[in-house]
Amino acid sequence: MQDLRTFALTLPVLLAAMVLHELAHGVVAWRLGDPTARMMGRLTLNPVRHLDRLGTAMFALTYFGGLAANVPGFAIGWAKPVPVVPEHFRSPQRGMALVAIAGPLTNLAIAAVFAAIVFHVQLDGTAYDVVVLALLVNITLFLFNLLPVPPLDGSRVVGAVMNDRMYERWLSLDRYGVAVIIAGVLIFNRQFQAILADSSEAIVRMLHTVLG
């Protein structure tokens, strides 16, 4: 019951993190010369414009799956991708890399805010659980989105160093990527969560060094 209460109280923060992640993509694309996201009404904080039903449901499925696997604080979800037209950029591949990295860095910045609260504000009970969960999920979103698997953000960052022909083939894998990611998370759930847990712990230690 406590886990359900913690998740319910944290969910608005998690949804806000996804909205800010996508908004960051759109803002960077706009600043680099692509007006597509602005023209389609995606440069907004209105969650209705960003949220994806399956992606939101995945937060609950992975969170409670993590608890079942004895890996608390694990949750992954996604919002509707912001539309980007790379041809508007001076260098499409580098432009896409900059747009892509903006999302995960936004989650890392949000994680830093919650880390500062954990390190410097005296909390207990549910309030502490909510802040810690928000911290860990934003770190998870940062790490997960940087995986170099199409269509995740990390694939666009890696793509910046590819030649045109290789990049075109790389992008063609986007159509399979989501299915591969979901299958991988479900099949290798424990291993995936363990790797993310270790990586998250390392980032928490780094944040403590910087902010603590």
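The values are calculated or read from the model by the stated rules, or taken from the named source; none is laboratory data. This one's a predicted model, so the numbers in the text were calculated from it and none came from an experiment. Because the Cβ atoms are built from the backbone with ideal geometry, glycine has one as well, and the counts that use them run over all protein chains shown. With ligands, DNA and RNA removed, areas are computed over all heavy atoms of the protein, side chains included. Shrake-Rupley method; radii C 1.70, N 1.55, O 1.52, S 1.80 Å.
The table below gives the values:
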{"item": "Count - residues of the range 121-153 that are surrounded by 20 or more Cβ atoms within 10 Å (Cβ to Cβ), closer than 15 Å to HIS21 by Cβ and not aliphatic (A, V, I, L, M)", "result": "6"}
{"item": "Subset of the range 50-64 [assigned to a loop (DSSP other than H, G, I, E, B) and open to solvent by 40 Å² or more (accessible area, probe 1.4 Å)]", "result": "ASP52"}
{"item": "Contacts under 7 angstrom Cβ, first residue in the range 76-93 being more than 26 Å from SER200 (Cβ to Cβ) and in a loop (DSSP other than H, G, I, E, B), partner open to solvent by 70 Å² or more (accessible area, probe 1.4 Å) and not hydroxyl-bearing (Ser, Thr, Tyr), 6 or more apart", "result": "PRO83/MET40"}
{"item": "Filter result (modelled with pLDDT of 90 or more, in contact with a helix residue (DSSP H, G or I) (Cβ under 7 Å, 6 or more places away or on another chain) and surrounded by 14 or more Cβ atoms within 10 Å (Cβ to Cβ)) within the range 37-49", "result": "ALA37, ARG38, ARG42, LEU43"}
{"item": "Considering residues of the range 92-120 that are farther than 24 Å from PRO81 by Cβ and not small (Gly, Ala, Ser) only, the residue surrounded by the fewest Cβ atoms within 10 Å (Cβ to Cβ)", "result": "HIS120"}
{"item": "Index of the failed condition, SER200 passing every other in (1) surrounded by 12 or more Cβ atoms within 10 Å (Cβ to Cβ); (2) of a type outside the set (A, V, I, L, M); (3) over 16 Å from the mean Cα position of the chain (by Cα)", "result": "(3)"}
{"item": "Some residue of the range 21-28 being among the charged types (D, E, K, R), over 22 Å from ILE110 (Cβ atoms), surrounded by 20 or more Cβ atoms within 10 Å (Cβ to Cβ) and touching a residue at least 40 places away in the same chain (Cβ under 8 Å)", "result": "no"}
{"item": "Matching helices (runs of 4 or more DSSP H) fully within the range 97-212 where at least 1 residues are under 24 Å from ARG31 (Cβ atoms) and without any contact (Cβ under 8 Å) to a residue 24 or more places away in the chain", "result": "153-159, 164-171"}
{"item": "Residue check, PHE59 under 30 Å from ALA8 (Cα atoms) and among the aromatic types (Phe, Trp, Tyr)", "result": "yes"}
{"item": "Residue in the range 161-168 that is at pLDDT 90 or above, open to solvent by less than 60 Å² (accessible area, probe 1.4 Å) and of a type in the set (A, V, I, L, M) present", "result": "yes"}
